[in-house]
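**Q** Structure provided below as structure tokens; questions to follow.
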Amino acid sequence: MGALRNIGIFAHVDAGKTTLTERLLAHAGAIRNPGSVDQGTAHTDSMAIERQRGISVRAGWARLEWKGVSINLIDTPGHVDFAAEVERALWAMDGAVLLLSAAEGVQPQSEVLFEALRENHVPTLIFVNKTDREGADAGRVMDQARRLWAANIARMESPEQAMEALAELDEGALDDYLAGTVYGEDRLFGLLAPKVREREILPALSGSALKDQGVEALLDAIVGLLPEPQRKAGGLCGVVFAVRPDKAMGRAAYVRMFSGALHTRDALDIPAERDPVDGTPRMTQKKITQIRALALDGKGADIGALSAGEIGVVYGLGEAKVGQVLGDEALLPRKVAPGSLQKPLIMVRAQPEKPEQITALRQALMELDAEDPMLGVQWSNHTRELTLSVMGAIQLEVLSALVLERYGLKMSLGAPQVIYRETIAQSARGFVAYTMPKPCWAILEMQIDPLPRGSGVVFESQVPVKDIAQRYQNQVRQALPLALKQGMLGWQVTDVRITLTGGSHHLIHTHPLDFIVATPMAFLDGLRRGGSTLLEPMLDMRITAPEGCAGRLMSDMTAMRGEIMESELTGGLVRLRAQVPVAASMDYPTQLAALSGGRGAMSARLMGYRECPLELGATTPRRGVSPLDTAKYILAARSALEGGIFDV
């Protein structure tokens, strides 16, 4: 097994990331001629919608060789609507290249990406691209990045600059540097690489991907400074970071291995669904049918095995979903939390062009949900409606195009609606005595208390097992996510402490699933008594625009019920950071483009939720029967559980 690097390329949209990827592939001999984003010929943009729009919407990957080192390269989308793709790439990589534009400088989404790389301790190279552009100044952009992000960003485009950067971290190198000695590249990289791995230094290079300048120097830095993956022996551990359909082979699972090895014909126990009685995962055994290397066309060589540190495409895992851990989850060195970069903040209802195609559309969207779990596809048996959770308008456009391209289905989408949350207004007790109609017996009492914003949900039990057996208390815990899904206002409930304070089971009459049925009834009873407070999502919005827009930007933030946190004027630009409600700012990217003549840039990231007057927010209809409508709810819940699906 030779030297290996697993690298991701990140950038604000239009910073030239895909163009750079094409140049890297061409220099390494992986492709004959670099493709063009504008002409729709980029090799890592395989979808028709990507070629039509000239943007990347899915992560692309390729394998290349440079100076005896194999590089698995992941080209991530730049647009914020596809942050989930960027997030999943973080699961697989050991190092990153972050692009900045020498003309536009540090842009809002660049800051979000830098913070994500820092939070996940990913060793990073910075490449200032587009030095051929009028007004480009790579030095100014690097200075800006040092001021805004980290003082340890070091320009090292020559041996002298690299020696100077090393001298600040190594006393022996400092003595040699003061004596006029400059080490050769091999020694420099050998001494700098451990510093880069620990993020003590962030090397910065510059060039122009379009003009093919600085590309080989970047390849040298990737193999010389970014770390090799750790190759752990022992127990099996890998993660599925992407899935793609394959008509011939079935679902293709893109897997990063961290420990152990996979082989063709290995049988793996894969979690399928949870046991409704005790909540433990049910397992299903799947046999690997083939393992392929990464390749631009998705048809890499059959390699037969995948070892620790490697990335490959695995077939035979059935309906494996993104995020699926293969083997022992405890061995994962890191797993990026879903939604850490961006969470879906709006939802839409989807309908097929022809009513009789609703089942086909449902199946298509559920398959896409396996590829992107952040879609949150929901189907209500009660209303026969499909709802999706999405990041923004461009994702909706891409999703419609993908459904048409892959499944031949035209779908219409309803008006976007902000996804609110709710919490209990004041402490209250919930109670249910589920003892009719027989056979059943589940008596529950729970205390529900409000918690500070951002606390999530905390559950504990004060009930002895002689009153409610442990297996039934496990059912209460298992059923709470269902109970919390829809509150009195129809939104997911958060920021509550739920304490099981009383209740009983019956040795004869308690059915194995009674406490699953009873939990939503007890919880909603308490929420009804305590009342619901609406919570609206707030964005951390970052804007860069020409200096002349400053006054209008500030008045816009006030008009949107926002609060300005930071602002500065520098280099003819205004940089502004504000907290703004999602509901008031859904159309702001369009307004900013008009205001700034297309020269403004913005990114927005969920920062949390705050209380919102009901008249400024919205409720949403309940999907299914309310647990407060006892007779109908019990009938629906029992029927659903008999079918193995509790969707009411």
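The values are calculated or read from the model by the stated rules, or taken from the named source; none is laboratory data. Being a predicted model, the structure only gives us computed values, none of them experimental. Positions of Cβ are backbone-derived with ideal geometry, glycine not excepted, and every protein chain shown enters the neighbour counts. What goes into the accessible areas is simple: the full protein's heavy atoms, side chains included, and nothing from ligands, DNA or RNA. Shrake-Rupley method; radii C 1.70, N 1.55, O 1.52, S 1.80 Å.
**Q** So which residues in the range 217-233 are open to solvent by 60 Å² or more (accessible area, probe 1.4 Å) and either assigned to a loop (DSSP other than H, G, I, E, B) or free of Cβ contacts under 8 Å to residues at least 24 places away in the same chain (or both), if there are any at all?
**A** Scanning the range 217-233 gives GLU228, GLN230, ARG231, ALA233.
**Q** Could you go through the range 518-535 and let me know if any residue there is part of a loop (DSSP other than H, G, I, E, B), open to solvent by 10 Å² or more (accessible area, probe 1.4 Å), modelled with pLDDT under 95 and over 30 Å from ALA103 (Cα atoms).
**A** no
**Q** So, one more: Among the residues that make up the range 108-121, is at least one of them in a loop (DSSP other than H, G, I, E, B), modelled with pLDDT under 95, touching a strand residue (DSSP E or B) at 6+ places or on another chain (Cβ under 6 Å) and at negative phi?
**A** Scanning the range 108-121, I find no residue that is in a loop (DSSP other than H, G, I, E, B), modelled with pLDDT under 95, touching a strand residue (DSSP E or B) at 6+ places or on another chain (Cβ under 6 Å) and at negative phi, so the answer is no.
**Q** Would you be able to say whether some residue in the range 160-182 is under 30 Å from LEU294 (Cβ atoms) and either open to solvent by less than 10 Å² (accessible area, probe 1.4 Å) or aliphatic (A, V, I, L, M) (or both)?
**A** Taking every residue of the range 160-182 in turn, none turns out to be under 30 Å from LEU294 (Cβ atoms) and either open to solvent by less than 10 Å² (accessible area, probe 1.4 Å) or aliphatic (A, V, I, L, M) (or both).
**Q** Considering GLY214, GLY207, GLY190, which residue is exposed (fewer than 15 other Cβ atoms within 10 Å of the Cβ) and not acidic (Asp, Glu)?
**A** None of the others qualify; the one that does is GLY190.
**Q** If the requirement is being farther than 27 Å from VAL86 by Cβ and not basic (Lys, Arg), which of these qualifies: LEU125, LEU166?
**A** Residue meeting the stated conditions: LEU166.
Listed here are the residues, each with its yes/no results for (1) open to solvent by less than 10 Å² (accessible area, probe 1.4 Å); (2) in a strand (DSSP E or B); (3) within 25 Å of ALA604 (Cβ to Cβ); (4) in contact with a His (Cβ under 9 Å, 6 or more places away or on another chain).
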{"site": "ALA83", "(1), (2), (3), (4)": "yes, no, yes, no"}
{"site": "GLU87", "(1), (2), (3), (4)": "yes, no, yes, no"}
{"site": "LEU100", "(1), (2), (3), (4)": "yes, yes, yes, yes"}
{"site": "ALA103", "(1), (2), (3), (4)": "no, no, yes, no"}
{"site": "LEU125", "(1), (2), (3), (4)": "yes, yes, no, no"}
{"site": "ASP132", "(1), (2), (3), (4)": "no, no, no, no"}
{"site": "ALA136", "(1), (2), (3), (4)": "no, no, no, no"}
{"site": "GLN144", "(1), (2), (3), (4)": "no, no, yes, no"}
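**Q** Follow-up. Does LYS321 satisfy being open to solvent by 20 Å² or more (accessible area, probe 1.4 Å) and closer than 30 Å to GLU111 by Cα?
**A** Taking the combined requirement at face value, the residue satisfies it.
**Q** If I go through the range 426-476 residue by residue, how many of them are of a type outside the set (A, V, I, L, M) and in contact with a His (Cβ under 8 Å, 6 or more places away or on another chain)?
**A** The number of residues fulfilling the criteria is 7.
**Q** List, please: which pairs have Cβ atoms under 7 Å, are six or more places apart or on different chains, and start with a residue in the range 587-609 that is under 30 Å from GLY456 (Cα atoms) and end with one that is modelled with pLDDT of 90 or more and exposed (fewer than 14 other Cβ atoms within 10 Å of the Cβ)?
**A** GLY608/GLY454
**Q** Does ASP495 meet the test of being of a type in the set (Asp, Glu) and farther than 30 Å from ILE419 by Cβ?
**A** Spelling it out, it is not the case that ASP495 is of a type in the set (Asp, Glu) and farther than 30 Å from ILE419 by Cβ.
**Q** Output the number of residues of the range 346-394 satisfying the condition of being modelled with pLDDT under 85, buried (at least 19 other Cβ atoms within 10 Å of the Cβ) and closer than 21 Å to GLU536 by Cβ.
**A** Number satisfying all stated conditions: 4.
**Q** Kindly evaluate LEU539 against the criterion of being in a strand (DSSP E or B), without any contact (Cβ under 8 Å) to a residue 24 or more places away in the chain and open to solvent by 10 Å² or more (accessible area, probe 1.4 Å).
**A** No, not satisfied.
**Q** Quickly run through the range 572-612 and pick out the residues that are open to solvent by less than 60 Å² (accessible area, probe 1.4 Å), assigned to a loop (DSSP other than H, G, I, E, B) and more than 19 Å from HIS12 (Cβ to Cβ).
**A** CYS612
**Q** Within the range 613-625, track down each residue that is open to solvent by less than 30 Å² (accessible area, probe 1.4 Å) and farther than 24 Å from LYS343 by Cβ.
**A** VAL625
**Q** Sticking with this one: If we keep just the residues of the range 556-567 that are open to solvent by 60 Å² or more (accessible area, probe 1.4 Å) and more than 27 Å from the chain's Cα centre (by Cα), which is farthest from ALA393 (Cα to Cα)?
**A** This residue is SER567.
**Q** Would you check if there is a residue in the range 461-475 being in a strand (DSSP E or B), in contact with a strand residue (DSSP E or B) (Cβ under 7 Å, 6 or more places away or on another chain), open to solvent by 20 Å² or more (accessible area, probe 1.4 Å) and modelled with pLDDT of 95 or more?
**A** Yes, the range 461-475 has at least one match.
**Q** For the range 411-460, how many residues are within 30 Å of SER585 (Cβ to Cβ) and either open to solvent by less than 40 Å² (accessible area, probe 1.4 Å) or among the aromatic types (Phe, Trp, Tyr) (or both)?
**A** Of the residues in the range 411-460, 10 are within 30 Å of SER585 (Cβ to Cβ) and either open to solvent by less than 40 Å² (accessible area, probe 1.4 Å) or among the aromatic types (Phe, Trp, Tyr) (or both).
**Q** Quick test of your reading of the structure: PRO194 fulfils all but one of (1) within 29 Å of ASP14 (Cα to Cα); (2) out of contact with any strand residue (DSSP E or B) (no Cβ under 8 Å at 6 or more places or on another chain); (3) at pLDDT 95 or above. Name the failing condition by number.
**A** If we test PRO194 against (1) within 29 Å of ASP14 (Cα to Cα); (2) out of contact with any strand residue (DSSP E or B) (no Cβ under 8 Å at 6 or more places or on another chain); (3) at pLDDT 95 or above, just (1) comes out false.
**Q** While we're looking at this one, here's another question. Only one residue in LYS195, LYS211 is farther than 24 Å from ARG256 by Cα and assigned to a helix (DSSP H, G or I). Which one?
**A** Selected residue: LYS195, the only one of LYS195, LYS211 that is farther than 24 Å from ARG256 by Cα and assigned to a helix (DSSP H, G or I).
**Q** Also, I was wondering about something else. Taking ARG187, is it out of contact with any helix residue (DSSP H, G or I) (no Cβ under 7 Å at 6 or more places or on another chain), in contact (Cβ under 8 Å) with a residue 12 or more places away in the chain and either at positive phi or not in a loop (DSSP other than H, G, I, E, B) (or both)?
**A** In short, no.
**Q** Return only the number of the condition from (1) touching a Ser or Thr at 6+ places or on another chain (Cβ under 8 Å); (2) open to solvent by 30 Å² or more (accessible area, probe 1.4 Å); (3) in a loop (DSSP other than H, G, I, E, B) that GLY490 does not satisfy.
**A** Only one criterion is unmet by GLY490, namely (2).
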